[in-house]
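Report on the following structure.
The values are calculated or read from the model by the stated rules, or taken from the named source; none is laboratory data. Not measured: the values here are computed from a predicted model. Positions of Cβ are generated from backbone atoms using ideal geometry, with glycine treated the same way; all protein chains shown enter the neighbour counts. Areas reflect the complete protein model, heavy atoms only, side chains present, ligands, DNA and RNA absent. Shrake-Rupley method; radii C 1.70, N 1.55, O 1.52, S 1.80 Å.
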Amino acid sequence: MCGIFAYLNFLVPAKRKEILEILINGLKRLEYRGYDSAGLAFEGSEIDQNDNLIKMVKCKGRVSMLEDEIKRLENVNYEKEYKIHVGIAHTRWATHGEPSSVNSHPQRSDLDNEFMVVHNGIITNYKDIKSLLEKKGHKFESETDTEVIAKMIKHIYDSHKDNNISFRECVELTIQQLVSNHRNTSLTVIKTTTYHSENVWN
């Protein structure tokens, strides 16, 4: 079963190195659940915290391999300090798509990483949603069902942003589209550059 870990520091300064260590250690505590790949997303701004960039690191294999991938990142200032930061992390047990870096979580809305999603559960109507979104011009990268969540949130946000739609409303409208089997139990955590310093658990 997939494992999800998220970390928020609010008005408590923390260096990027410390934040990444917390996310990695959180995943290590979930390793007993069984998994085949791992990934995380964290603040990517380097000059000004208002840059609102998200960096993502994913890999097939153990959390220790993800840790090695992070160490190999270039142009990352590990000493940069954040007063506010949201990080999300995930260990995946494949259900849709083979174990791979691309199919690992987080899944993203677009190449700009505007909305990032980690998810535990099965979306039974994902093929219908994927077909709808592809007709709207969205390009899918993975074989996962989770990717439709990120792209549906992006679609809803773009359709309603002139009405000042909130992050919570975007997620609620998305979840309404995903519910097709009430017996499913799932957890979703979403991080975004659009609603900076907010994340949503569902």
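When the accessible area of the chain is split by element with a 1.4 Å probe, what percent falls to carbon and sulfur? Whole-percent figure for carbon plus sulfur exposure: 47.
Per residue, the average separation of C-alpha pairs within less than 8 Å and at least 6 apart gives the chain a relative contact order of 23 percent. If you average the alpha carbon positions of segment 86-114 and of segment 11-73, how far apart do those two centres end up, in angstrom? Here the two parts' Cα centres lie 12 Å apart. Beyond 21 Å, the tail of the calculated P(r) for segment 20-93 holds 26 percent of the Cα pairs. Cα convex hull, the chain: 115 Å³ per residue, rounded to a whole number.
Solvent-accessible surface (1.4 Å probe) assigned to Ser159 amounts to roughly 70 Å².
So what is the accessible area of segment 3-192 per residue, in Å², with the probe set to 1.4 Å?
Numbers: 9580 Å² over 190 residues.
Result: 50 Å² of accessible area for each residue.
Beyond 21 Å in Cα-Cα separation lie the following of the pairs Lys60/Lys136; Lys55/Lys130; Lys55/Lys83: Lys60/Lys136; Lys55/Lys130. Each peptide in 24-37, 125-138 was scored by the mean count of other Cβ atoms within 10 Å over its residues; highest first, the order is 24-37, 125-138.
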